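Student: Mind having a look at this structure? Questions to follow.
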Amino acid sequence: MSTTGQDVLSVRDLRVWYGTERGAARAVDGVSFDLRPGEILGLVGESGCGKTTLGRGLLGLLPRGAFVDGDVTFKGKPMPAVASKEYRALRGAELGMIFQEPMTRLNPLMRISEHFEETVRAHHPGVSRERVRHAALEVLRVMGIPPTRYRSYPHEFSGGMRQRLTIALALVLRPAFIVADEPTTALDVLVEAQIIKILADLRREFDTSLLLITHNLGIVSEACDRVAVMYAGRIVEIGDARQVFRSPQHPYTQELLRSTISLSTTGLSFIPGSPPDLVDPPAGCRFHPRCPHAMRVCATQAPVPLEVAGGQRVECWLHGPESQVPPGGGEPLHVREELSVADEA
Amino acid sequence: MSTATAPGSLPRYIVQRLLLIIPMVWFILTLVFLLMRVAPGDPVSASVGGRLPEAALDQRREALGLNDPLIQQYWDYLSGVLTLDFGNTITDNTPITQIVKENGGATLTLTISAMLLALVVGLPLGLIAGRYRDTPADGGIRIFGIVTYAAPVFYTGLLVQLLFLNVFSGWPLLGQSTPITEFTVETRTHILLLDAIIAGDGDAVIDVLKHLMLPAVTLGLLICGIFIRLTRVNVLQTLQADYVEAARARGIPERRVVRSHAFRNAMVPVVTIIGLQVALLLSGAVLTEKTFAWPGLGNQLITYIDQRDYAAVQGIITLFAVVVVLISILIDIVIALIDPRVRY
Ligand SMILES: Nc1ncnc2c1ncn2[C@@H]1O[C@H](COP(=O)(O)OP(=O)(O)O)[C@@H](O)[C@H]1O
Ligand code: SF4
Ligand SMILES: [Mg+2]
């Protein structure tokens with residue numbers, strides 16, 4: 001893994017578990033990655049894989065009762081305790097979040113100006129209105145919102161404009177790291193392209209690192225430097241975005257790419273089955289019930305992360321290490337696979 | 001863009017609301033008129049029949065216009081209300097306006113203090129219950145809210161009276177003041193409390209306040225339960241709102257998130273409901289006044305109902321209904337002032 005010194009964010013073995021009646025749902029279960037300044041990391045995977053949980057976990061925005069463990073280093077220092085004042089002080093100032101639904105993320109009773117004033121003053125008490133206005137208009141300009149709208153109310157803006165407003169709000173204090181959780185899913189295609197362009201250009205104006213959560217691989221190829229593929233609480237493949245798209249190494253990434261590409265070519269192709277129950281996930285490799293290449297070893301032992309060609313990191317027995325595969329473990333897991341396909345029918 | 005905020009849209013909205021008063025009042029007047037006419041028998045023989053000779057009864061009917069065609073009566077009623085003439089009672093031939101003048105002040109004093117009490121107690125309790133959901137505090141407050149709302153006014157009133165009879169013997173349980181206060185305080189506004197204050201008579205003010213306390217608490221508790229429940233539910237909702245989470249994500253301190261996002265936004269529906277509570281407040285006032293011999297309109301209303309004085313009942317009910325309409329329009333305007341989304 002890369003050197004921690006220059007990284008904005010360094011995540012090691014992060015776990016986030018939710019308590020449910022049936023037991024712990026391991027939504028994030030041992031995730032590690034690094035993020036460099038200004039870098040955009042795409043996070044993809046089917047819904048229910050733990051992407052949102054990972055994003056919120058990094059900001060300390062989890063519901064009460066969630067269990068968090070692991071080491072997160074931000075700008076070279078360990079992240080403060082979840083409910084602490086120090087964490088609160090980081091949010092908004094150094095850590096930002098952009099949500100999926102722009103329509104409901106602004107307080108309908110507050111002017112845009114009041115949102116900015118509240119946010120800036122939460123971190124710099126006593127700053128004058130005029131200075132807040134100055135800083136706000138600067139980000140709003142980058143977002144293409146005219147200064148004349150500064151004192152408007154949220155309901156006076158369209159969905160796309162509101163998302164640009166929330167981005168501006170997240171950026172006003174120039175945070176070093178932002179999580180954008182499916183920021184365009186609720187918007188129409190034209191607006192989506194606009195927002196993605198803004199996010200892709202962020203580093204030029206703000207030098208912000210971005211974790212861009214999306215299920216749209218097109219967005220990743222357009223905007224991201226690197227991509228992480230998440231399945232059932234783990235990052236199963238991570239690497240340079242173009243590299244991963246050109247030669248995906250994990251069967252799940254391959255299936256994910258195949259299902260998107262085929263949307264525009266042959267029509268229907270999807271990964272049979274659905275992401276597993278995170279309270280009681282499959283033993284071994286969590287993808288093995290749906291994996292077309294599953295081997296015996298996959299059903300019993302979890303694969304170990306391995307660095308493969310081109311700096312990609314993959315968790316899959318296909319890439320070894322051979323030495324850890326027990327004798328006969330390389331035999332295909334045919335029966336299992338047919339069963340799970342039949343289950344779906 | 002979805003914007004259509006033409007300049008001056010708020011004044012236009014307010015004018016629209018104010019104009020709405022006309023059809024609403026007209027509708028209510030018509031309703032009251034019809035309901036009064038649906039009752040069988042004629043009002044005069046119902047109220048004073050048997051006590052006056054037939055000729056006198058007929059004279060009363062004639063004076064009340066009961067011999068006129070229905071449409072004529074309807075017209076007289078409407079135009080009377082327009083000129084603030086609500087007619088005369090049948091039993092004692094008093095102008096309704098005079099009853100309103102003499103007794104309205106007491107009702108106003110009672111309802112306003114009960115409403116203030118309900119707000120001052122109900123809103124904070126509702127906020128606390130919502131904020132600290134499922135804690136013992138929440139549980140206690142919810143039970144308090146349910147009990148106060150569900151308990152009949154007569155019952156609460158009696159309980160309060162018994163309590164004070166035993167614990168603070170000598171505390172006034174009935175009426176609006178001692179006779180001395182009533183005699184010494186010069187009548188100016190017909191609102192005794194106000195008159196006592198104007199007169200600068202401290203003893204009289206204290207006397208009225210002491211008398212006011214029990215009925216105000218009784219009526220206030222009734223309304224308070226609703227405020228508690230409503231505030232709590234709305235706070236629970238706003239605490240879950242997306243913009244509250246977004247505010248947390250911007251590092252807004254939790255106290256401020258709760259205060260200026262959750263609580264403030266929860267108040268919008270609560271204010272709306274205050275308007276609807278006015279009807280309950282007035283009907284509760286009728287029972288409270290009866291229980292505490294409070295010399296207000298509600299007390300008069302019950303007396304006239306007992307005497308089957310349709311004209312008096314019609315007059316007082318009309319007034320109550322018009323007050324309810326006016327306040328609901330007023331609340332609409334207040335909402336528009338606090339919620340920018342309303343102005344369309
Ligand atoms: N508050 C919660 N309590 C319990 N389980 C949750 C909660 N939030 C999410 N989960 C579960 O965690 C898993 C991951 O959810 P999420 O992080 O939203 O995935 P994604 O964003 O990839 O769709 C899902 O199985 C979901 O049911
Ligand atoms: S470890 Fe086995 S089951 Fe998992 S992805 Fe690789 S081949 Fe498929
Ligand atoms: Mg999600």
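The values are calculated or read from the model by the stated rules, or taken from the named source; none is laboratory data. What you see is a predicted model, and the numbers here were worked out from it, not measured in a lab. When we count neighbours, we look across all protein chains shown, and the Cβ atoms used for this are built from the backbone with ideal geometry, even at glycine.
Student: Which of (1) in a loop (DSSP other than H, G, I, E, B); (2) more than 16 Å from ligand 2 (Cβ to nearest atom); (3) surrounded by 17 or more Cβ atoms within 10 Å (Cβ to Cβ) is the odd one out, the single condition A:Gly65 does not satisfy?
Tutor: So A:Gly65 meets the others, but not (3).
Student: Mind telling me which of the residues B:Ile274, B:Ile305, B:Ile316 ends up being in a helix (DSSP H, G or I), of a type outside the set (D, E, K, R) and surrounded by fewer than 19 Cβ atoms within 10 Å (Cβ to Cβ)?
Tutor: B:Ile305
Student: Another question, if that's okay. Hey, can you tell me all the residues within the stretch A:85-119 that are in a strand (DSSP E or B) and facing another protein chain (nearest Cβ under 7 Å)?
Tutor: Answer for the stretch A:85-119, where residues must be in a strand (DSSP E or B) and facing another protein chain (nearest Cβ under 7 Å): A:Arg91, A:Met97.
Student: Quick one: in the stretch A:156-196, of everything that is within 12 Å of chain B (Cβ to nearest Cβ) and part of a loop (DSSP other than H, G, I, E, B), which residue is surrounded by the fewest Cβ atoms within 10 Å (Cβ to Cβ)?
Tutor: Across the stretch A:156-196, the extreme among qualifying residues is A:Ser158.
Student: Something else now. State which residue pairs qualify: first residue free of Cβ contacts under 8 Å to residues at least 24 places away in the same chain and inside the stretch A:133-149, second residue part of a loop (DSSP other than H, G, I, E, B) in any location, beta carbons under 7 Å apart, and separation of 6 or more residues or different chains.
Tutor: What qualifies is A:Arg133/A:Tyr150; A:Leu137/A:Tyr150.
Student: From the set of residues in the stretch A:66-101 that are aromatic (Phe, Trp, Tyr) and away from ligand 3 (no atom under 16 Å from the Cβ), which is modelled with the highest pLDDT?
Tutor: At the first step, the residues of the stretch A:66-101 found to be aromatic (Phe, Trp, Tyr) are A:67, A:74, A:87, A:99.
Now narrow it down to the ones that are away from ligand 3 (no atom under 16 Å from the Cβ): A:67, A:74, A:87.
Details: A:Phe67: 90, A:Phe74: 93, A:Tyr87: 89.
My answer is A:Phe74.
Student: If you don't mind, there's one more thing I want to ask. Using the structure shown, decide if B:Leu212 is in the same structural domain as B:Phe292 (by TED's automatic domain parsing), touching a residue at least 40 places away in the same chain (Cβ under 8 Å) and under 30 Å from B:Phe263 (Cα atoms).
Tutor: No, not satisfied.
Student: Only residues that are at pLDDT 90 or above and at positive phi: list them for the stretch B:274-329, please.
Tutor: B:Ala293
Student: Moving to a separate point now. Go through the residues of the stretch B:268-277 one by one and say whether even a single one is hydrophobic (A, V, I, L, M, F, W, C), closer than 22 Å to A:His115 by Cβ, within 14 Å of another protein chain (Cβ to nearest Cβ) and in contact (Cβ under 8 Å) with a residue 24 or more places away in the chain.
Tutor: yes
Student: Looking only at residues in the stretch A:46-65 that are farther than 15 Å from A:Leu211 by Cα and either touching a residue at least 60 places away in the same chain (Cβ under 8 Å) or more than 14 Å from chain B (Cβ to nearest Cβ) (or both), which one is farthest from ligand 3 (Cβ to nearest atom)?
Tutor: Among those residues, the one meeting the criterion is A:Glu46.
Student: Would you pick out the residues in the stretch B:64-93 that are within 22 Å of B:Asp306 (Cα to Cα) and surrounded by fewer than 17 Cβ atoms within 10 Å (Cβ to Cβ)?
Tutor: B:Asp92, B:Asn93, listed by residue number.
Student: Oh, and also: Return the only residue of A:Glu101, A:Glu21 being of a type in the set (Asp, Glu), surrounded by fewer than 22 Cβ atoms within 10 Å (Cβ to Cβ) and touching a residue at least 24 places away in the same chain (Cβ under 8 Å).
Tutor: Only one candidate passes the filter, namely A:Glu101.
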